[in-house]
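Q: There's a structure below that I have some questions on.
The values are calculated or read from the model by the stated rules, or taken from the named source; none is laboratory data. None of these values were measured; they are calculated from a predicted model. Methodologically, a virtual Cβ is constructed for each residue, glycine included, from the backbone with ideal geometry; neighbour enumeration extends over all protein chains shown.
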Amino acid sequence: MQNYQLFIDGAWVDPASGQWFDSVNPYTGQPWARIARGNQDDVARAVQAAEHAMHHGEWSRLNPTQRGHALRRFADVLARHAERLAAIEVRDNGKLYAEMSNQCRYLVEWFHYYGGLADKVQGTVPPIDKPDVLNFTRFEPIGVTACITPWNSPLLLMAWKVAPALAAGNAVVIKPSEFSSASTLEFAALTLEAGLPPGLINVVTGYGSEVGEPLVSHPLVRKVAFTGGESGGRHVNIAAAADFKHVTLELGGKSANIVFQDARMDDAVSGAISGIFAASGQTCIAGSRLLVHESIHDQFVERLVTLARSARIGDPMSPETQIGPITTELQYRKVLDYIEIAKKEGARCVLGGAAAEKPAGAGGCFVQPTIFTDVQPHMRIAQEEVFGPVLCVIRFKDDEDAIRIANGTRYGLAAGVWTESLRRAVDMSNRLAAGTVWVNTYRSTSYTTPFGGYKASGLGRENGIDAIREYLQTKSVWFYTGDPVSNPYIRR
Ligand code: NAD
């Protein structure tokens, strides 16, 4: 068993509670690491370290160009450790090594990109309407930033927050999921190898109520960037509002993947499969509602079932495996509950619909790729996020019907459109109430382009040039250059 302490002020430290909890490998079902159980005292220590690093330490004396250099040096160190970090991540969350290794190599780009952006965020000189006045604006870092992440893609989603936060001049305290903490701790330790100042990146592990809540409520934390479920997001938003903190929320989804009668069928079938069965459906952007035009519905479902049935369930470290375990037992039970709910609601199960047999040597929790047809848009299975390999197929009549069904949930994270008609693709992408729309592709994201949700899927945006503004606040500076003021009681 590997032991992981907290990482605060550039050093490994024991938790104030003296307590630890196990991290379980989702494939073997066995604990593989002991993680420090942080509490509010550890949070206070980490926030103080971040506050000091940001306002009084070496980081505070770097100009934006130097900050950029530091981030790019860090990126180079991360690149050297990408495969190792990916293997640790698989041990924690059970997702395919092939996917985690892609993610860990890719997240390096966030540090290059935001490192490059650090000295390119410029204020303005507004054409002021008053005589004898020079006015300009400048962007300043907001303050200590809390980065709270979920278990499904801990390092990538952390990089989406930490890279722009640091580029903007803030320091961070990261609270990873209690189910997948190890890779974030290993990441933070690489700051030592990269020569980043102590206190700039701190990690406090533990539970949402014991670490997340005190972190969000800490008076010195001025910005909270959260990725997770709707319920956690609501708590965080309410707690942050009490102290007028800046907030970015990336929450859940029930994304519609819409297949029109004029789509290229092979592409659409493969897009539907990757939309829901990649990562065993444990992805916020899962295309969990597949809307299929009634004229192609039956043949499309047949092809989908044939392809999904051949999926190889197994060890996530093996390149042969296509579907790995469900990350936690709690999540496994939730997925099976939703399968039962769908059956009771009258949806027709045409594939799977139960736990999967454990591969030889595995001890974790597996669910068969599951497809329901005859799903009505109002059913719970079509409205609520399952976060598992469960697809519901809904028929639609025409474009209006597709838009009505697609937009008819409380979520709005993403949507997919499969069509060869340019006119239809443009019309759909304009009218879909979602933060991301993919046409003839699914599940792409990049450091260059904004990502975030409409409605209950979140607030604010990550990635792209604009995201750095989520970690900055604007100051307006006025210079008076005219004659002495004659009447101080009149506002100028
Ligand atoms: P979760 O909300 O249970 O936990 C996320 C993080 O928040 C964890 O670190 C947890 O400990 C912490 N937390 C929980 N309650 C808290 C509170 N009251 N105050 C502060 N911190 C708290 O989510 P999860 O189960 O880890 O992840 C799955 C969810 O994340 C799904 O709903 C999924 O859609 C969502 N997600 C969204 C995106 C996105 O970019 N929109 C990406 C990945 C996952």
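For every residue, the table says whether it meets (1) assigned to a helix (DSSP H, G or I); (2) more than 16 Å from the ligand (Cβ to nearest atom).
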position: Met317; (1), (2): no, yes
position: Thr321; (1), (2): no, yes
position: Tyr338; (1), (2): yes, no
position: Ile341; (1), (2): yes, yes
position: Gly353; (1), (2): no, yes
position: Glu357; (1), (2): no, yes
position: Ala360; (1), (2): no, yes
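Q: Filter the stretch 38-56 for residues that are within 23 Å of the chain's Cα centre (by Cα) and outside any helix (DSSP H, G or I) and give the result.
A: If the condition is that a residue be within 23 Å of the chain's Cα centre (by Cα) and outside any helix (DSSP H, G or I), then Gly38 is the only one that fits.
Q: Okay, moving on. Within the stretch 87-105, can one find any residue that is small (Gly, Ala, Ser) and more than 30 Å from Gly29 (Cβ to Cβ)? Steps first, answer last, please.
A: To start, the set of residues in the stretch 87-105 that are small (Gly, Ala, Ser) comprises 87, 94, 98, 101.
Of the ones still in play, those that are also more than 30 Å from Gly29 (Cβ to Cβ) are none.
There is no residue in the stretch 87-105 that is small (Gly, Ala, Ser) and more than 30 Å from Gly29 (Cβ to Cβ).
Q: Can you find even one residue in the stretch 371-391 that is over 25 Å from the mean Cα position of the chain (by Cα), part of a strand (DSSP E or B) and among the hydroxyl-bearing types (Ser, Thr, Tyr)?
A: yes
Q: Report the residue count in the stretch 285-299 for those that are within 25 Å of the chain's Cα centre (by Cα) and either of a type in the set (Ser, Thr, Tyr) or modelled with pLDDT under 95 (or both).
A: So the count comes out to 1.
Q: Within the stretch 172-188, does at least one residue satisfy the condition of being within 16 Å of the ligand (Cβ to nearest atom), modelled with pLDDT of 95 or more, farther than 21 Å from Leu85 by Cα and hydroxyl-bearing (Ser, Thr, Tyr)?
A: No, there is no match, as no residue in the stretch 172-188 is within 16 Å of the ligand (Cβ to nearest atom), modelled with pLDDT of 95 or more, farther than 21 Å from Leu85 by Cα and hydroxyl-bearing (Ser, Thr, Tyr).
Q: Restricting to the stretch 254-304, name every residue that is crowded, with 21+ Cβ neighbours inside 10 Å, in a loop (DSSP other than H, G, I, E, B) and of a type in the set (D, E, K, R).
A: Lys254 - this is the single residue of the stretch 254-304 that is crowded, with 21+ Cβ neighbours inside 10 Å, in a loop (DSSP other than H, G, I, E, B) and of a type in the set (D, E, K, R).
Q: State all residues of the stretch 58-67 that are part of a helix (DSSP H, G or I), out of contact with any Lys or Arg (no Cβ under 9 Å at 6 or more places or on another chain) and surrounded by 16 or more Cβ atoms within 10 Å (Cβ to Cβ); if no residue qualifies, say none.
A: Taking the stretch 58-67 and keeping what is part of a helix (DSSP H, G or I), we get 58-61, 64-67.
Still in the running and out of contact with any Lys or Arg (no Cβ under 9 Å at 6 or more places or on another chain): 58, 60-61, 65-67.
Across the stretch 58-67, the qualifying residue is only Arg67.
Q: Out of the residues in the stretch 189-212 that are of a type in the set (S, T, N, Q) and either within 11 Å of the ligand (Cβ to nearest atom) or under 12 Å from Ala36 (Cα atoms) (or both), state the one that is surrounded by the fewest Cβ atoms within 10 Å (Cβ to Cβ). It would help to see each step written out before you state the result.
A: The initial filter retains those residues of the stretch 189-212 that are of a type in the set (S, T, N, Q), namely 191, 202, 205, 209.
Subset that is either within 11 Å of the ligand (Cβ to nearest atom) or under 12 Å from Ala36 (Cα atoms) (or both): 205, 209.
Details: Thr205: 27, Ser209: 10.
Ranking the qualifying residues of the stretch 189-212, first place goes to Ser209.
Q: Here is a further query. Thr449: under 29 Å from Ala278 (Cβ atoms), hydroxyl-bearing (Ser, Thr, Tyr), within 14 Å of the ligand (Cβ to nearest atom) and surrounded by fewer than 18 Cβ atoms within 10 Å (Cβ to Cβ), yes or no?
A: Yes: the conditions hold for Thr449.
Q: So, in the stretch 117-171, exactly how many residues are part of a helix (DSSP H, G or I) and touching a helix residue (DSSP H, G or I) at 6+ places or on another chain (Cβ under 7 Å)?
A: Pass one, the stretch 117-171, residues part of a helix (DSSP H, G or I): 117, 154-167.
Retained after the next criterion (residues that are touching a helix residue (DSSP H, G or I) at 6+ places or on another chain (Cβ under 7 Å)): 117, 154-156, 158-160, 163-167.
Qualifying residue count for the region: 12.
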